[in-house]
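The structure appears right after this line, and notes come after that.
The values are calculated or read from the model by the stated rules, or taken from the named source; none is laboratory data. Quick caveat: nothing in here was measured; it's all calculated off a predicted structure. Here the Cβ positions follow ideal geometry from the backbone for every residue, glycine too, while neighbour counts run over all protein chains shown.
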Amino acid sequence: MSKQEPAIPNGLLEALRTAQHVVALTGAGISAESGIPTFRDAQTGLWAQYSAEELATPEAFQRNPRLVWDWYGWRRQMVAAAKPNAGHLALARLEHLVPTFTLITQNVDGLHAAAGSREPIELHGNIMRVRCALEATRYTTWSEEGALPPPCPSCGAPLRPDVVWFGEQLPVIALERAWSAAATCDVMLSIGTSGLVEPAASLPRLAYNRGATVAVLNLDVTPHNQERLYLLNGQAGNLLPALVTALEQQG
């Protein structure tokens, strides 16, 4: 291992090597490395006068649907220009090294799928889709010509981003799949997530309480190792490739 590569605890590598089911939970931190600002970052340009919490709500969409639509259009442009980083790509590699792998993400940018991860569980939806505000029918293409937000082709109600806003419930099927994975995994990696947003914040605790090994990879943690719990301080784009490479070398 070169001096530039972060050290991965042997206990964590051993847990991964013998695991039958590995779960990765990702948050905004992993996509920040691809240039996508987190909700905690200040808005820029025309949107500097607003906070994300003011715009990402059903109430804001009811008050001023065009404003919210335009803001998501701006965010969608940033996402479309972003590329998966080394952390995303490492998770796609990890998926092929363990018998069962489940990827749960709080991100809406679709970068995990772009990196090659199969069927990620998107707890908060996907910004590159829209859905009918009335019927919830999903669409991956729509017209930006004419009135905005565009009307639903089926019923004429306005289309909205297919994301979970503040005050809304997470999609039931995705949440059930996430709970089931956390309850049955052998190892959970919590990557780039603050651990403050429920119910996703409870998933690592559930896994740990069910006997799984849990590793937290984040810039906000103090490095610490104990039985079945590892706190690794650093960027996902550095830590995850080192972890996967070490696991491949153990092979």
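Filtered by the rule that a residue be surrounded by 18 or more Cβ atoms within 10 Å (Cβ to Cβ) and more than 20 Å from Ser34 (Cα to Cα), region 181-205 gives Ala181, Ala182, Cys185, Asp186, Val187, Met188, Gly195, Ala200, Leu203, Pro204.
Against the definition (under 18 Å from the mean Cα position of the chain (by Cα) and of a type outside the set (Gly, Ala, Ser)), how does Pro199 come out, yes or no?
Yes; evaluated as a whole, the condition is true for this residue.
Can you name every residue in region 106-126 that is without any contact (Cβ under 8 Å) to a residue 60 or more places away in the chain and either of a type outside the set (A, V, I, L, M) or in contact with a strand residue (DSSP E or B) (Cβ under 6 Å, 6 or more places away or on another chain) (or both)?
Val108, Gly110, Gly116, Ser117, Arg118, Glu119, Pro120, Glu122, His124, Gly125, Asn126
Evaluate region 168-186: report whether one residue or more is more than 16 Å from the chain's Cα centre (by Cα), within 21 Å of Asp70 (Cβ to Cβ) and assigned to a loop (DSSP other than H, G, I, E, B). Yes: region 168-186 contains one or more residues that are more than 16 Å from the chain's Cα centre (by Cα), within 21 Å of Asp70 (Cβ to Cβ) and assigned to a loop (DSSP other than H, G, I, E, B). When the criteria are applied in full, Ala207 fails the requirement of being within 24 Å of Gln20 (Cα to Cα) and under 15 Å from the mean Cα position of the chain (by Cα). Got at least one residue in region 17-25 being out of contact with any strand residue (DSSP E or B) (no Cβ under 8 Å at 6 or more places or on another chain) and modelled with pLDDT of 95 or more? Yes, region 17-25 contains at least one residue that is out of contact with any strand residue (DSSP E or B) (no Cβ under 8 Å at 6 or more places or on another chain) and modelled with pLDDT of 95 or more. Report yes if some residue within region 72-79 is of a type outside the set (Phe, Trp, Tyr), assigned to a loop (DSSP other than H, G, I, E, B) and closer than 23 Å to Gln235 by Cβ; otherwise report no. Looking for residues that are of a type outside the set (Phe, Trp, Tyr), assigned to a loop (DSSP other than H, G, I, E, B) and closer than 23 Å to Gln235 by Cβ, one finds none in region 72-79, hence no. Screening Tyr208 on (1) outside any helix (DSSP H, G or I); (2) surrounded by 15 or more Cβ atoms within 10 Å (Cβ to Cβ) shows it passes everything except condition (1). Number of residues in region 80-114 that are farther than 21 Å from Leu203 by Cα, out of contact with any Lys or Arg (no Cβ under 9 Å at 6 or more places or on another chain) and in a helix (DSSP H, G or I): the value is 7. Taking the numbered list (1) at pLDDT below 95; (2) touching a strand residue (DSSP E or B) at 6+ places or on another chain (Cβ under 7 Å) in turn, Ala207 passes all entries but (1).
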